[in-house]
1. Counting only residues that are outside any loop (DSSP other than H, G, I, E, B) and touching a strand residue (DSSP E or B) at 6+ places or on another chain (Cβ under 6 Å), which one in segment A:278-297 is surrounded by the most Cβ atoms within 10 Å (Cβ to Cβ)?
2. Anything in segment A:135-149 that is in a loop (DSSP other than H, G, I, E, B) and within 10 Å of chain B (Cβ to nearest Cβ)? List them, or say none.
3. Residues in segment A:238-259 that are in contact (Cβ under 8 Å) with a residue 24 or more places away in the chain and open to solvent by 10 Å² or more (accessible area, probe 1.4 Å): how many?
4. Checking the conditions here, which among A:Met269, A:Met275 is closer than 17 Å to A:Leu58 by Cβ, open to solvent by less than 10 Å² (accessible area, probe 1.4 Å) and not small (Gly, Ala, Ser)?
5. Of the numbered conditions (1) more than 24 Å from A:Lys226 (Cβ to Cβ); (2) touching a Lys or Arg at 6+ places or on another chain (Cβ under 7 Å), A:Cys40 fails exactly one; give the number of that condition.
6. Within the group B:Arg132, B:Arg109, B:Arg126, B:Arg152, which residue is more than 10 Å from chain A (Cβ to nearest Cβ), open to solvent by 30 Å² or more (accessible area, probe 1.4 Å) and either under 25 Å from the mean Cα position of the chain (by Cα) or among the basic types (Lys, Arg) (or both)?
7. Of all residues in segment A:9-52, which are modelled with pLDDT of 95 or more and at positive phi?
8. Any idea which of (1) buried (at least 22 other Cβ atoms within 10 Å of the Cβ); (2) at the interface with chain A (Cβ under 7 Å from one of its Cβ atoms); (3) not in a loop (DSSP other than H, G, I, E, B) is the one B:Ile50 doesn't satisfy?
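The values are calculated or read from the model by the stated rules, or taken from the named source; none is laboratory data. Just so it is clear, the model here is predicted, and its values are computed rather than measured. For neighbour counting, all protein chains shown are included, and Cβ atoms are generated from backbone atoms with ideal geometry for every residue, glycine included. Heads up: the accessible areas ignore ligands, DNA and RNA and are worked out on the full protein's heavy atoms, side chains in. Shrake-Rupley method; radii C 1.70, N 1.55, O 1.52, S 1.80 Å.
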Number of protein chains: 2
Amino acid sequence: MAKEKKLVEAITSMDVDFAQWYTDVVKKAELCDYASVKGCMVIKPAGYAIWENIQKELDRRFKEMGVENVYMPLFIPESLLEKEKDHVEGFAPEVAWVTQGGLESLQERLCVRPTSETLFCDFYARDIHSYRDLPKVYNQWCSVVRWEKTTRPFLRSREFLWQEGHTAHATAEEAEERTIQMLNVYADFCEEVLAIPVIRGQKTDKEKFAGAEATYTIEALMHDGKALQSGTSHNFGDGFAKAFGIQYAAKDNSLQYVHQTSWGMTTRMIGALIMVHGDDSGLVLPPWIAPTQVMIVPVQQQKEGVLDVAFEIRDILSGFRVKVDDSDKSPGWKFSESEMRGIPVRVEIGPRDIANREAVLVRRDTHEKISVPLDEIAARVGELLETIQKDMLERARAHRDAHTYVATEYEEFVKTINEKPGFVKAMWCGCQECEDKIKEDTSATSRCMPFKQEQLSDHCVCCGKPAKKMVYWGRAY
Amino acid sequence: MAKEKKLVEAITSMDVDFAQWYTDVVKKAELCDYASVKGCMVIKPAGYAIWENIQKELDRRFKEMGVENVYMPLFIPESLLEKEKDHVEGFAPEVAWVTQGGLESLQERLCVRPTSETLFCDFYARDIHSYRDLPKVYNQWCSVVRWEKTTRPFLRSREFLWQEGHTAHATAEEAEERTIQMLNVYADFCEEVLAIPVIRGQKTDKEKFAGAEATYTIEALMHDGKALQSGTSHNFGDGFAKAFGIQYAAKDNSLQYVHQTSWGMTTRMIGALIMVHGDDSGLVLPPWIAPTQVMIVPVQQQKEGVLDVAFEIRDILSGFRVKVDDSDKSPGWKFSESEMRGIPVRVEIGPRDIANREAVLVRRDTHEKISVPLDEIAARVGELLETIQKDMLERARAHRDAHTYVATEYEEFVKTINEKPGFVKAMWCGCQECEDKIKEDTSATSRCMPFKQEQLSDHCVCCGKPAKKMVYWGRAY
């Protein structure tokens, strides 16, 4: 028993210190480890397997939308990065520079891509000639580097993994349509697969991407009431096209600039999974993303027949991602370990269960135990996984809704931000001055102007002038 | 007709200029393009889709062998790279160095990984404590950078994509077993999926990997008679473990060094596919790796019903990777284009075929045309793909065997290397002096000491001293 306790005691309670709880879960669930390079991480098998499932599911959805995968170089020549003014201003202060290749100094510095708009634009300028070459709907899976000062595993690191889609279209309408379409792919993926409810909306000008005309975002609420930007989709209009000279001959032979978009989702979603669903026993993974959905733990496995039945059950459950823990650890330790790793369903099977021709299913999310007849186990596990997936989304939605507040006056707004972690919905005049003041007074930022607008009052919560938009505000990761 | 001719005429004949033919195919089959950074490439959708299929198939085979995927950082601190003497000597002259992060100069230079032994070792030193932590059988899919002076698309570029497996074992035997096991995974994959026959063997000390005790390799022969090293697997013994201090407590509580391996395969295999199977009409892809296996080309598609039947056939063939080319190009142009891209089977369907309830299948590899009844098309296409896959391997094997020569005396050896492009099998005394002389005299290198040894004579082909090994020699990419 001492050993079992040790595993759980190794995690700080989330109510005591949420940040420490997060770090403990990352470490004890063996998701990632620190590396020798400050701010970089080693993604361990349990963490990478989640990323592989994210990739598989997103990539499938992308391909259904006509997306094609490509690979662009890791390096961007300084002169290329500088071609679009807003973009370089946004990224130059936080890139890593290669100045030597082999034994020689480079004539021009190369930055390690922080994002690849400039590389795609450079390629499109050479590759797009006629309306027949459009649209280009390309994506790449890769790592990018941003020289962040403060870092946290998965949430903010100097190198992270992501996908970045970059498209070019004949018309502004088509670009806008694609921007929204991909935001909806992200939102549906988060809700259906990660069981994370999101607010879909548009970023204010202050918060939009460097070089974008419009940035759309999905915003999720973590268990501690802080927001996490979970995916963004940008409409560039023809700004990059003009900077890079990306033109096509239209059907009427006139030369036109293309309209572009880009959109990305990153390994930070692993952080979101931890912070939305985790509890004091560790990670809790939604079934549809869990690398292992069912862990079978034999009890008194040294007794004759127990392991045989455990492996029989594994074979019966082969339609799921299932494993048997037949290591020489104690059952209690195995229970804690499968909880720590967030495995959605545990099957306990011992001599008494076998005698009764039944097994015990244990839900990771609620700890509920359910005895089921062995000959119904496949159907019952299937139903249970569905139920868990649904319940996890509903619980996360209820938590978010319970932590979403409304404020119409400034005093109330500041008090709410300070005392009630969560989203605050409030009206806004549209001026950056108010955003700046709110950030200074509360450290909250505008998360998004949601697509679903509400008329909470007629005046800006900050300056009192006529309101233009309802905004979700919150402190964010 | 002028247009159709243009597409094929755009390729130089392989007999006229093989290097130019290669570049033309890369470009016209739209596999990759040059990038703004010298020596780097943009992998386009047609090229990347091949890589995705390589990844999918290799990754599946790896996972069956107990391999787990992880992700290590892109950067290696200089002090870490320097920990293993042979390794740093091998790689330091060809790495790219990051010296600035954001606006500041770094205190220690970071190299962009040319390979990740040092990162895995650094991690293993922290993560491995007991025999219970072994074996570690990790792999990562990523890009690496080597500052090459002369580059060619896919074959040698400053950045390329690959997988690198890195394992740690309790015993020397287990490490050796894993090294050979993974070499065999590569060899089987090449032969079964890429239809490329390979020689399995060991590298000489001169040609082995920097820091390895033994390097095993698979060597393939290209159409022009040059060799291509197609995958390598290294046994490091405990050399890295000693340099990095990777020790574990054995069952008897004694502290032991681990034994390590690494193994990799890269995007250069796309180059191998081109150079083994391609012809003067472009790329020829083996069915099991082809992103599109069947292209349906409607003839007189404006006639009523033709497109309907084309799409019906697509639905009937939905068990394969199938597309319909319903663009407004001429059928002849579409034929050339699907040939250029190497699509294994083309289905031609026009009004006359429809009247006869049949379709014409055209093999990409032989250009053979076969009429088949529409109601047998799924079975016939399936058989044809199997046949093509098998025939392509056999043809490549026959070509390789016909271009593999034997020499027992030096004059004959040099003459053969100079006049008959291909492999030359010859006996070797085991001294690097002979390897150096052969390279100087012929520019051929020892490709490998094959596992299947033959006793061609009793003396070294170069110095005449007693022979120790039969070696495959050849000029190589």
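1. First, pick out the residues of segment A:278-297 that are outside any loop (DSSP other than H, G, I, E, B): A:279, A:282, A:294-297.
Filter once more, keeping what is touching a strand residue (DSSP E or B) at 6+ places or on another chain (Cβ under 6 Å): A:294-297.
Numbers: A:Val294: 25, A:Met295: 25, A:Ile296: 25, A:Val297: 27.
Across segment A:278-297, the extreme among qualifying residues is A:Val297.
2. Taking segment A:135-149 and keeping what is in a loop (DSSP other than H, G, I, E, B), we get A:135, A:146-149.
Selection gives A:Arg146, A:Trp147, A:Glu148, A:Lys149.
3. Count: 12.
4. Numbers: A:Met275 fails: closer than 17 Å to A:Leu58 by Cβ.
Residue meeting the stated conditions: A:Met269.
5. (1)
6. Values: B:Arg132 fails: more than 10 Å from chain A (Cβ to nearest Cβ); B:Arg109 fails: more than 10 Å from chain A (Cβ to nearest Cβ); B:Arg126 fails: more than 10 Å from chain A (Cβ to nearest Cβ).
Being more than 10 Å from chain A (Cβ to nearest Cβ), open to solvent by 30 Å² or more (accessible area, probe 1.4 Å) and either under 25 Å from the mean Cα position of the chain (by Cα) or among the basic types (Lys, Arg) (or both) holds for just one of B:Arg132, B:Arg109, B:Arg126, B:Arg152, which is B:Arg152.
7. A:Glu30 - this is the single residue of segment A:9-52 that is modelled with pLDDT of 95 or more and at positive phi.
8. (2)
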